[in-house]
Amino acid sequence: MDLKLTEEHRMIQDMARDFAQNEIAPIAAEIDQEGRFPVETVQKMGELGFMGIEMPEEYDGTGLDTLSYVLAMVEISKACASHGVIMSVNNSLVCHGLYVFGTERQKEAFLRPLASGEKLGAYSLTESQAGSDPSNMSCTAEYDPQADEYVINGLKAWVTSGPNADYVILFAMTDRSQGHRGISAFVVDTTLPGVSPGKVEPKLGIRASHTSELVFEDYRLPVWHRLGDEGEGFKIALAILDAGRIGIAAQAVGIAEAAYEAARDYAQEREQFGQPIAQFQGIQWMLADMKTRLEAARLLTYQAALAKDEAKATGARYTLPAAMAKLYASEAAMWIATQAVQIHGGSGYSKEYPVERYFRDAKITEIYEGTSEIQRLVIARNILS
């Protein structure tokens, strides 16, 4: 595995770092406190090409590889995890899903404005009783042959960017008798009647990224909005989540790096018993373990990115490296953020320091796009098959 970054990789990394530190970091605490969606900076991310990094230029994307995307995601998430997840969903789930499974008409209509950042995307698989088990979903899509349309009814849950998205990749039951084989995928235009945001979740972390229910009441969409064939939704969802897990791993690395650096700097500044606390062996060992886990998470995430890039040419699946990266990076982020709070002592529990935000933001990376427990199941099935 060649981990040497090219000049192009360094350029996208530097551009993302400069933007994140100059434009996002100064507002991160404020938008988190207010729970305010960062409209202006998300628009700027689109203008800089961060919302469709891997999409070909022919669809108004940036045309770079997955490693470039990961490098940018780390820098954005290091400054603000809310921006990171907005960027990840639009890139990894929505743009990627449309590019791999969409028709040319769908790519022209939906992918082009999403990849350019003109429009914002969301991904809706989860329901209140269908989290890790999508086959239990109750949202339905019934075909109306007279109108050649699907009529969608139901309530979706935990939709990242739900209140803000222009287009949503939606999964709904077209044949309940078939279980998960009866799930189909669709592209929803939220400007059409019959769909509206429901409850906006009062979340622990990533509070500037709005997460909501989506309510469908006799929502009609034309057949050409269906993604893939009827009954292929579950297969499409799993394939898209492979890409999504690389994005969340990169987000976790960004959070972990921010927490580690904050703890390292604080330990060198904070004095007790006449010397910086970084001089005490107990703190040194904590920092050593934090740095080691951070770099291990980074390498696993890079490995998954390279596997995805190879898969573009070979058609191979990259489920295993994606799951390993997501599992390890998310748990490393949570552990590192916890240690960062501990090193800060009482100050780490105060909003005057950013580590409490890193701690709150890190937790969700162990949950969404497949919990740590689901990742372990995915890994086990791949290594034992």
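Bear in mind these aren't lab numbers, they're just calculated from the coordinates by the rules spelled out. The model shown is predicted, which means the values in this text are computed figures rather than measured ones. Methodologically, a virtual Cβ is constructed for each residue, glycine included, from the backbone with ideal geometry; neighbour enumeration extends over all protein chains shown.
Among all stretches of the chain without exposed trypsin sites (Lys or Arg not before Pro) (DSSP loop, at most 13 other Cβ atoms within 10 Å), which one is longest?
On the way: sites that count: K4, K351.
Segment 5-350 is the longest.
With a sphere of radius 9 Å drawn around the Cβ of K156, what net charge do the other residues whose Cβ falls strictly inside it have (Lys, Arg +1; Asp, Glu -1)? Kindly include the intermediate steps, with their values, before the conclusion.
Numbers: positive: none; negative: E127, E213.
Within the 9 Å Cβ shell, the charges total -2.
Which of T371, T301, T191 ends up with the largest GNM mean-square fluctuation for the chain, with Cα atoms connected below 10 Å?
Comparing T371, T301, T191 in a Gaussian network model of the chain, the most mobile one is T191.
Mind checking which of I246, G84, L287 is farthest towards the positive end of the chain's charge dipole, using Cβ charges of +1 (Lys, Arg) and -1 (Asp, Glu) about the Cα centre?
L287
Listing Y358, Y143 from the residue with the fewest other Cβ atoms within 10 Å to the one with the most, what is the order?
On the way: Y358 29, Y143 14.
Ascending number of Cβ neighbours within 10 Å: Y143, Y358.
Projected onto the charge dipole of the chain (+1 at Lys/Arg Cβ, -1 at Asp/Glu Cβ, origin at the Cα centre), which of I255, I374, S177 gives the Cα projection farthest towards the positive end?
Positive-most Cα among the choices belongs to I374.
Please list, by residue number, every one of the GluC sites (Glu not before Pro) in the range 77-185 that is coil in DSSP and has at most 15 other beta-carbon atoms within 10 Å.
Sites meeting the loop and neighbour criteria: E118.
Can you show me the helix-derived [θ] at 222 nm for the chain, built from DSSP H runs with n ≥ 4 at -39,500 (n - 2.57) apiece and divided by the number of residues, rounded to the nearest 500.
-16000 deg cm²/dmol
Could you state the orientation-averaged shadow area of the convex hull built on the Cα atoms of the chain, in nm² to one decimal?
Answer in nm², one decimal: 19.3.
Can you find, among P145, A329, F234, the residue farthest towards the positive end of the dipole of the chain? Put +1 on the C-beta of Lys and Arg, -1 on that of Asp and Glu.
A329
How about the range 299-354: which GluC sites (Glu not before Pro) there are in a DSSP loop, with at most 16 other Cβ atoms within 10 Å of their Cβ?
E352
When we measure straight from the Cα of K291, which lysines land under 23 angstrom away, once same-chain ones fewer than 8 places off are left out?
Excluding near neighbours in sequence, the set is K4, K78, K326, K363.
Is the range 205-322 best put as rounded, prolate or oblate by its Cα gyration tensor, with a ≥ b ≥ c the root eigenvalues, rounded for a/c under 1.5, and otherwise prolate when a/b is larger than b/c, oblate when not? If you can, show how the numbers build up before the last one.
Working: a/c = 5.24, a/b = 2.07, b/c = 2.53.
Oblate.
Just order 280-290, 339-349 by mean Cβ neighbour count inside 10 Å, highest at the front, would you?
Numbers: 280-290: 14.7, 339-349: 18.5.
Ranking, from highest mean packing down: 339-349, 280-290.
To the nearest 20 debye, what is the magnitude of the charge dipole of the chain about its Cα centre, counting +1 on the Cβ of each Lys and Arg and -1 on the Cβ of each Asp and Glu? The partial results should precede the final answer.
Working: 35 positive and 53 negative charges, 203 e Å.
Once rounded to the nearest 20, the dipole reads 980 debye.
Going by how many other beta carbons lie within 10 Å of each one, how would you line up L125, L120, fewest first?
L120, L125
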